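So the structure is just underneath, and the comments pick up after that.
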Amino acid sequence: MNGSESPLSSAGESGVPLTLAGTWPIQLRNFIIRYLEAIFVLLIAISVVAVFYLFPYKIAFLNFFYLPVLTAAYFMGKRKAVLGAAFCVLSAFLFAYYEPGWFAVTGTRMNALLVLATWGGFLILAAACVGSLQERLARGFEETRQLYEELKRSRITEEMKEKVEKTLYATMDPVVAKLATEGKLRFEKREISIMFTDLTNFTSFSDRNSPDVVLEELNRFLGQIEPVVEMFRGHIDKYMGDGVMVEFGAPVDYDRHALLAVLAGLRMQQKLKGVDLPWQLRVGIATGSTIVGMLGVRRQAYSALGDR
């Protein structure tokens, strides 16, 4: 180790020396996971031999086998747990057949076998019940996971829908956007009121000023009239230079659309009197029968057709 190397330079970020953080723990873990079933069978076999050869009072230790069997039922499922319980019972019967005195006070073979039969039945029954419960829990967890995945997908879909709606709301009337996404807009003939607005001397003002000044003043004007249109339930169809086309009574039908259009025009004039703009506003309103609906194929917009 040179002079610039610290004593912990051979340690990982967690401070554990690299010599202690090798690959052998991972290899051991992978080995146990790969051969878990075989290791479980070996442990049961060792437990059987230990109980029947090393410990006295064999009957008292028969309940010890509930621990590995129920553990197998929880981690390996019902089938393997029942097989493990059957293996324990078979081993116990073999020992009881050759050494009946280990399992009965009287030392008769029949008494030992009856005790073991009762114990073995309960052991297998416990393995089957716990294994079934574990499988049901596993199915429940899997169904919950699938529901969670579906919920995530539905949330993603809802988020995408919200983004699309926000984009639509930024480019068209929110009412039109909502009705369009719900598929409730259709072509129809309807009596509505249409408003056209115009600014006086806009062309000469545009010739005298730079584009950024013209657009800034025009947007300031539109910022004044847009809330009025929205307040009186109008639909801004399009901007035509300095002019604006607005429909009242479409896409949502109102019986008094003509009154709403007139009130909106009056409110616009009153509002613009207190605003320092280089133009004056002119408003025209017509009421009559028109055809309304979404126009266009790839790029659509809600509009009205007709002489009005």
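The values are calculated or read from the model by the stated rules, or taken from the named source; none is laboratory data. Predicted model, so just to flag it, every value in this text is computed and none were measured. Virtual Cβ from ideal backbone geometry, glycine too; neighbours counted across all protein chains shown. Accessible surface areas use protein heavy atoms only, side chains included; no ligands, DNA or RNA. Shrake-Rupley method; radii C 1.70, N 1.55, O 1.52, S 1.80 Å.
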In the stretch 167-178, is there at least one residue being under 17 Å from W279 (Cβ atoms) and touching a helix residue (DSSP H, G or I) at 6+ places or on another chain (Cβ under 7 Å)?
no
_Any residue at all in the stretch 165-172 that's surrounded by 15 or more Cβ atoms within 10 Å (Cβ to Cβ), among the polar types (S, T, N, Q) and part of a helix (DSSP H, G or I)?_
no
Task: Any hit, the stretch 195-207, residues being under 30 Å from R256 (Cβ atoms), in a loop (DSSP other than H, G, I, E, B) and open to solvent by less than 100 Å² (accessible area, probe 1.4 Å) - done: yes
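Out of L266, L185, L179, report the one residue that is buried (at least 16 other Cβ atoms within 10 Å of the Cβ) and either part of a helix (DSSP H, G or I) or at pLDDT 90 or above (or both). Full working, then the answer.
Details: L266 fails: buried (at least 16 other Cβ atoms within 10 Å of the Cβ); L185 fails: either part of a helix (DSSP H, G or I) or at pLDDT 90 or above (or both).
L179 is the lone residue from the list that is buried (at least 16 other Cβ atoms within 10 Å of the Cβ) and either part of a helix (DSSP H, G or I) or at pLDDT 90 or above (or both).
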Boolean, G296 is in contact with an Asp or Glu (Cβ under 8 Å, 6 or more places away or on another chain) and among the small types (G, A, S): no
### Task
Inspect the stretch 224-232 for any residue being closer than 26 Å to G293 by Cβ, touching a residue at least 40 places away in the same chain (Cβ under 8 Å) and surrounded by fewer than 16 Cβ atoms within 10 Å (Cβ to Cβ) and give the result as yes or no.
no
In the stretch 236-254, residues that are touching a residue at least 60 places away in the same chain (Cβ under 8 Å) and open to solvent by less than 10 Å² (accessible area, probe 1.4 Å) total 1
Just one listed residue, out of G274, G293, is surrounded by 13 or more Cβ atoms within 10 Å (Cβ to Cβ) and either more than 30 Å from R186 (Cα to Cα) or at pLDDT below 90 (or both), and it is G293
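Results for (1) more than 24 Å from Y35 (Cβ to Cβ); (2) at pLDDT below 70; (3) surrounded by fewer than 20 Cβ atoms within 10 Å (Cβ to Cβ), shown as yes or no for each residue.
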{"position": "K58", "(1), (2), (3)": "yes, yes, no"}
{"position": "N63", "(1), (2), (3)": "yes, yes, yes"}
{"position": "K80", "(1), (2), (3)": "no, no, yes"}
{"position": "F87", "(1), (2), (3)": "no, no, yes"}
{"position": "A92", "(1), (2), (3)": "yes, no, no"}
{"position": "Y98", "(1), (2), (3)": "yes, no, yes"}
{"position": "T118", "(1), (2), (3)": "yes, yes, yes"}
{"position": "A127", "(1), (2), (3)": "no, no, no"}
Residue set F221, F196, F205, F187; condition aromatic (F, W, Y), over 28 Å from Q300 (Cα atoms) and more than 26 Å from the chain's Cα centre (by Cα); output residue F205
Inside the stretch 176-219, the number of residues satisfying the requirement of being in contact with a Gly (Cβ under 7 Å, 6 or more places away or on another chain) and either within 30 Å of K161 (Cα to Cα) or aliphatic (A, V, I, L, M) (or both) is 6
From the option list I225, I236, single residue qualifying as under 23 Å from K273 (Cβ atoms) and in a helix (DSSP H, G or I) is I225
Of (1) more than 28 Å from G265 (Cα to Cα); (2) open to solvent by less than 70 Å² (accessible area, probe 1.4 Å); (3) over 43 Å from the mean Cα position of the chain (by Cα), S154 fails just (3)
